[in-house]
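These notes are about the structure you will find just below.
Each value in this text was obtained by applying a stated rule to the coordinates, not by laboratory testing. Every value quoted in this text rests on a predicted model; they were computed, and no experiment measured them. Here the Cβ positions follow ideal geometry from the backbone for every residue, glycine too, while neighbour counts run over all protein chains shown.
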Amino acid sequence: MLCYAVSAGSSLNTDLGTKTLNTIAKIARGRKRKINDKILLQWELSETKDPEGNMKKGNQGDGGGRPPVVLSDRDIIQLEALSSVLTKGQVADYFGICENTLREIEKRQPQVSEAYKRGRAKQHADMGLNLISLAKEGNVTANIFYLKTQAGWKEPESEGDSKQPINVILNAPHEA
């Protein structure tokens, strides 16, 4: 159990204010009591379970910290739908986490990574089918794009050696 006693007239209390101390007490999941002219904040160290299921007590670095974020089946379905139009960073923003956290979730939950890849692949397939249908309808730009990206076609390179260089001769005006 950690305890911090703050005098009503101390610089910590005047700097932080009672509202901030109340917030600290809530964040720390603890209790705030007023004893005489002092405010006492008490909270217990965070408790989490280690891989064997035993309760761990301690400080940062001792196995405490935030619990890992786990995406539910519903979240995974949403992620698959969103991945067709959003980047990983944007998907992470949607779920209110950072991109690194999303990558860690993918390591812990392989189905999340698979859903992201599946959503991207479905969108690529849809766009490919759309491109092919446009090309078949006679859209020349779609035909050219498809042939360049899928069939390896390239623009013909110009032959630089066959052209004669242009010589420009400038004559200075005569002085009279």
Item to check | Odd one out for Ala121, checked against (1) among the small types (Gly, Ala, Ser); (2) within 23 Å of Pro67 (Cα to Cα); (3) over 15 Å from the mean Cα position of the chain (by Cα) | outcome: (2)
Next on the checklist: List the residue pairs whose Cβ atoms are under 6 Å apart, where the first residue sits in region 76-102 and is touching a residue at least 60 places away in the same chain (Cβ under 8 Å), the second is of a type in the set (D, E, K, R), and the two are 6 or more positions apart or on different chains.
Outcome noted: none
Item to check | Tally, over region 114-140, of residues that are hydrophobic (A, V, I, L, M, F, W, C), under 25 Å from Arg103 (Cβ atoms) and surrounded by fewer than 13 Cβ atoms within 10 Å (Cβ to Cβ) | outcome: 2
